[in-house]
Structures are given as C-alpha cells and as structure tokens.
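> Mind looking over this structure? Questions follow.
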Amino acid sequence: MNQEISFIQREALKEKPATDSLGFGKYFTDYMLVMDYHSENGWYNPRITPYEALTLEPSAMVFHYGQAIFEGMKAYRTADGTAQLFRPEKNMKRLNDTCDRMCIPQIDEDFLLSAIKQLIFTEKDWIPQGEGTSLYIRPFIIATEAYLGVRPAKEYKLFVILSPSGAYYGSQLNPVKIYVEEQYVRAVIGGVGHVKNAGNYAASLKAQEKADRLGYAQILWLDAKENKYVEEVGSMNIFFKINGEVVTPKLTGSILPGVTRDSVIQLLKHWNIPVREERISIEEVFAAHERGELEEVFGAGTAAVISPVGELTWNDKTIVINDNQIGHLSQDIYDEMTGIQLGKKEDPFNWTVKVAQVEV
Ligand code: COI
C-alpha cells in the first residue's frame, strides 16, 4: 500500500502547555492522522488533519457492539536533536493482532508506521523536553458503520492522536501501592485480554474504582479460572525479583504481550540476570516475602515505563517490598531503558528508530 497522505492545515496553532503541568494524556497536539475503511475500498484517504471533535452517527456500531481498539507508543526528543520512536514495529504488529481478534480489517504495518512518522515530523515541536517526558502516541480504530445488526462493521476510521505527557503515576519512580483483586477478573483464556481491546479497560474500571477508594494506585489481576496465578497490573506487566532471579507471568493467552515487558526480558538476558516467564501464584509471591526472598517487584509498560511496587495487599494482608524503596534492579532497568529511548545510551538491540530532526 502506497497512498499519498494529504495535509489539511489548521488556521491557528495551539499554545503548548508548560512541561511541569503535563501529567498524562491531558493535552493534544494540533494535528492527527485519520484514515477511512470501507469494505469496498479497503483502507483509504490517509490524511493529517487538525485535531478536532468528530461527527458520528448515533447508530455507529462502535457505540453498540464495541469494536474499538488502540495502541500506545511514544516519541522521544534526544539530546542530539532527533525525535525517535522505540520499537514501533512491535506496536504495528500488535495493532494488527488486535484487529484480527476483533474482526477489524488489518492495515499495512509499514504504511501506517511511515504515516505516523510523518505525523510526528509535523508535530515535532510538541515533543516535550524534560525528565520523564515524551510525546505519547495513541493510534486507535473504531467501527463507524451506521447499523444495528450484530456483525463486524463494514466501515471504520483509524486515528492517531498525540499527547505530550509526563509520568503516568504522577511521580515516575516512586513505589506504588497495588491491590490484588479477588472479586473481579480481567480476562479469560480464549477471550480478548491478550489484545488492546478498549473494552478490556472498561471492564477493569469497577475494580480500579475500588482500589482508588482503598488508596491503591492499581490492581494486580489474578487468573480468571482459579483466582490464583498472577496475570498483570491495570496498565502494565509485572515482574518479581525473588532470590536473585526475575520471574514474570508467561503469556498464557489472557495477558497483554507488552513491548516494555519484552524489552525488560531482553535486557535482563543481556545482563546475564536469570529471568523466567512462568506461571507464578500470588501465594508463592507472599511466601517468598515471608522467607525474606522477595527483593523487588516492578511493573513495566509504555505509559508507566518502570514502576516499582512498594506495597501489595492480598486477602487483607499487606506486604511491604524493599522497604518501600526503589530497588537497584528497577532503577537500573529504568535508567537503561530511558537512556536508550532518549539516545543517551548505546542501543545494542537496535530498538530506536529516528524520525525527524528537532530543535534542541
Ligand atoms: C500504554 O502503556 O501505552 C497503555 O496502553 C496503557 C494505557 C491504558 C495507559
């Protein structure tokens, strides 16, 4: 697929927010990428157009049967004046895996990535500069056909919007408190938990609300069948360092295959730190703590990067991990990962992809 991307200029550009007020996902840039799909045309009419409100029919199928999917990635401003992406081909592939599961027509990955690069180039001045900041990239697809029968839609729209952002949890590396959820479940094997289906996040809100009420930052989900094995946290994958070895839940079909998760595993292997992907029960985690062997727990995700866990509560029992301090390994991984993303460290894995020259 090699289509011309048209450009529709806006009349006036927005004022950019101050770096220290960014937070996560609150501000949106001047432009977005839009593309249409019709079963008779395939994906067509890619365009970079002003970021603005949409007009959709109330009967658009997304509102009724939930064909809505998304991705999350980031563009970074490096010290030597380039904008770069981190393993974007993994997000393109996962977007198509999600399309496949949700009966949404797949898109040419190379074309979409080149269109995203063009959008980033247009919006390069929006990439924030400052510790822990980046331009968050949110591709998403919705079903737009006006029809109320239950079947895959024949019309869709793809959007890519951009949001200059800081830390997801307010303070980047401060350990967070996590609540192990037993009443609600996130995903079942054979379901849609392994893809970025918007409904997964809607289904998580009830438990997240409970966690918020109890003063926790996030939920740790257990498997839906036995309520026993650790799956993932609300917006990230999870890692446990037990007696010098790192364990992360293996991808059983209900866990999201995170790009950061995969990068952490590769980094640990590169450093010769033992790392295993396997089922781990919450009982084992608490038992390891009891034995004094639970050294660190941290989450990993695009939005959150690396987020140390300082407290875990399960069944009315709370454990404090590493004295509620940032662990050495969490810190090392964070430094290495962000160092590569910001072009401050060597990238032996060829993870970064340069997009544009920016002002420094
Ligand atoms: C990301 O890490 O990019 C995600 O998609 C998580 C999001 C729900 C904030």
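The values are calculated or read from the model by the stated rules, or taken from the named source; none is laboratory data. Just so it is clear, the model here is predicted, and its values are computed rather than measured. A quick note on method: Cβ atoms are made from the backbone with ideal geometry, for glycine too, and the neighbour counts reach across all protein chains shown. With ligands, DNA and RNA removed, areas are computed over all heavy atoms of the protein, side chains included. Shrake-Rupley method; radii C 1.70, N 1.55, O 1.52, S 1.80 Å.
> Which of the residues spanning the range 303-360 are of a type in the set (Ser, Thr, Tyr) and either within 19 Å of the chain's Cα centre (by Cα) or farther than 21 Å from Ser235 by Cβ (or both)?
Ser307, Thr318, Ser330, Tyr334, Thr338, Thr352
> Restricting attention to the range 149-171, does a residue exist that is modelled with pLDDT under 95, more than 16 Å from the ligand (Cβ to nearest atom) and either basic (Lys, Arg) or out of contact with any Leu (no Cβ under 7 Å at 6 or more places or on another chain) (or both)?
Within the range 149-171, one or more residues are modelled with pLDDT under 95, more than 16 Å from the ligand (Cβ to nearest atom) and either basic (Lys, Arg) or out of contact with any Leu (no Cβ under 7 Å at 6 or more places or on another chain) (or both).
> Would you check which residues across the range 229-241 are of a type outside the set (A, V, I, L, M, F, W, C) and within 14 Å of Arg186 (Cβ to Cβ) and list them? I'd like the intermediate steps shown before the answer.
If we filter the range 229-241 for residues that are of a type outside the set (A, V, I, L, M, F, W, C), which is where we start, we get 229, 231-232, 234-235, 237, 241.
Within the range 229-241, Tyr229, Glu231, Glu232, Gly234, Ser235, Asn237 meet the criteria.
> What number of residues within the range 39-50 are open to solvent by 50 Å² or more (accessible area, probe 1.4 Å) and of a type in the set (Phe, Trp, Tyr)?
The number of residues fulfilling the criteria is 1.
> Looking at (1) aromatic (Phe, Trp, Tyr); (2) within 15 Å of the ligand (Cβ to nearest atom); (3) in a loop (DSSP other than H, G, I, E, B), which is the only condition Tyr201 fails?
(3)
> Quick check: is even one residue across the range 28-38 surrounded by 13 or more Cβ atoms within 10 Å (Cβ to Cβ) and within 16 Å of the ligand (Cβ to nearest atom)?
Let us first name the residues in the range 28-38 that are surrounded by 13 or more Cβ atoms within 10 Å (Cβ to Cβ), namely 28-38.
Narrowing the set further to residues that are within 16 Å of the ligand (Cβ to nearest atom) leaves 28.
Among the residues of the range 28-38, at least one is surrounded by 13 or more Cβ atoms within 10 Å (Cβ to Cβ) and within 16 Å of the ligand (Cβ to nearest atom), which makes the answer yes.
> Can you name the number of the only condition in (1) outside any strand (DSSP E or B); (2) of a type in the set (A, V, I, L, M, F, W, C); (3) modelled with pLDDT of 95 or more; (4) outside the structural domain of Lys228 (by TED's automatic domain parsing) that Val353 fails?
It fails just one condition, (1).
> What number of residues within the range 121-141 satisfy the criterion of being buried (at least 22 other Cβ atoms within 10 Å of the Cβ), more than 16 Å from the ligand (Cβ to nearest atom) and outside any loop (DSSP other than H, G, I, E, B)?
1
> Determine the pairs where a residue that is in a loop (DSSP other than H, G, I, E, B), located within the range 28-49, has a partner that is open to solvent by less than 40 Å² (accessible area, probe 1.4 Å) and of a type in the set (Ser, Thr, Tyr) with Cβ atoms under 8 Å apart, the partner being 6 or more residues away or on another chain.
Cβ pairs passing all conditions: Phe28/Ser163; Thr29/Ser163.
> Within the range 265-285, how many residues turn out to be hydrophobic (A, V, I, L, M, F, W, C) and part of a helix (DSSP H, G or I)?
Within the range 265-285, residues that are hydrophobic (A, V, I, L, M, F, W, C) and part of a helix (DSSP H, G or I) number 5.
> Here are Ala75, Ala60, Ala83: which of them is open to solvent by less than 60 Å² (accessible area, probe 1.4 Å) and within 16 Å of the ligand (Cβ to nearest atom)?
Details: Ala60 fails: within 16 Å of the ligand (Cβ to nearest atom); Ala83 fails: within 16 Å of the ligand (Cβ to nearest atom).
Testing whether each residue is open to solvent by less than 60 Å² (accessible area, probe 1.4 Å) and within 16 Å of the ligand (Cβ to nearest atom) leaves just Ala75.
> Got a sec? Which of Ala224, Ala288 is away from the ligand (no atom under 15 Å from the Cβ) and part of a helix (DSSP H, G or I)?
Within the list Ala224, Ala288, the selection yields Ala288.
> Kindly indicate whether Leu251 is of a type in the set (A, V, I, L, M), within 22 Å of Ser204 (Cα to Cα) and surrounded by fewer than 20 Cβ atoms within 10 Å (Cβ to Cβ).
Working: of a type in the set (A, V, I, L, M): yes; within 22 Å of Ser204 (Cα to Cα): yes; surrounded by fewer than 20 Cβ atoms within 10 Å (Cβ to Cβ): yes.
Spelling it out, Leu251 is indeed of a type in the set (A, V, I, L, M), within 22 Å of Ser204 (Cα to Cα) and surrounded by fewer than 20 Cβ atoms within 10 Å (Cβ to Cβ).
> Would you call Ile340 within 16 Å of the ligand (Cβ to nearest atom), in contact with a strand residue (DSSP E or B) (Cβ under 8 Å, 6 or more places away or on another chain) and either at positive phi or outside any loop (DSSP other than H, G, I, E, B) (or both)?
Here the answer is no, as Ile340 does not meet what is asked.
> A further question follows. For Gly234, state whether it is within 16 Å of the ligand (Cβ to nearest atom), closer than 21 Å to Leu95 by Cβ and either surrounded by fewer than 15 Cβ atoms within 10 Å (Cβ to Cβ) or modelled with pLDDT under 95 (or both).
Yes; evaluated as a whole, the condition is true for this residue.
> Given the conditions (1) among the small types (Gly, Ala, Ser); (2) within 16 Å of the ligand (Cβ to nearest atom); (3) exposed (fewer than 12 other Cβ atoms within 10 Å of the Cβ), which single one is not true for Ala53?
Among (1) among the small types (Gly, Ala, Ser); (2) within 16 Å of the ligand (Cβ to nearest atom); (3) exposed (fewer than 12 other Cβ atoms within 10 Å of the Cβ), the lone unmet condition for Ala53 is (2).
> Still on this structure, please answer the following. Failed condition for Asp100, given (1) in contact with a strand residue (DSSP E or B) (Cβ under 8 Å, 6 or more places away or on another chain); (2) more than 26 Å from Phe298 (Cα to Cα); (3) more than 14 Å from the ligand (Cβ to nearest atom), with all others met?
With respect to (1) in contact with a strand residue (DSSP E or B) (Cβ under 8 Å, 6 or more places away or on another chain); (2) more than 26 Å from Phe298 (Cα to Cα); (3) more than 14 Å from the ligand (Cβ to nearest atom), Asp100 is out only on (1).
> Do we find a residue being within 16 Å of the ligand (Cβ to nearest atom) and modelled with pLDDT under 95 anywhere in the range 307-325?
yes
> Evaluate the following for Ser330: is it open to solvent by less than 10 Å² (accessible area, probe 1.4 Å), outside any loop (DSSP other than H, G, I, E, B) and at pLDDT below 95? Talk me through it step by step, then tell me what you get.
Working: open to solvent by less than 10 Å² (accessible area, probe 1.4 Å): yes; outside any loop (DSSP other than H, G, I, E, B): yes; at pLDDT below 95: no.
No; evaluated as a whole, the condition is false for this residue.
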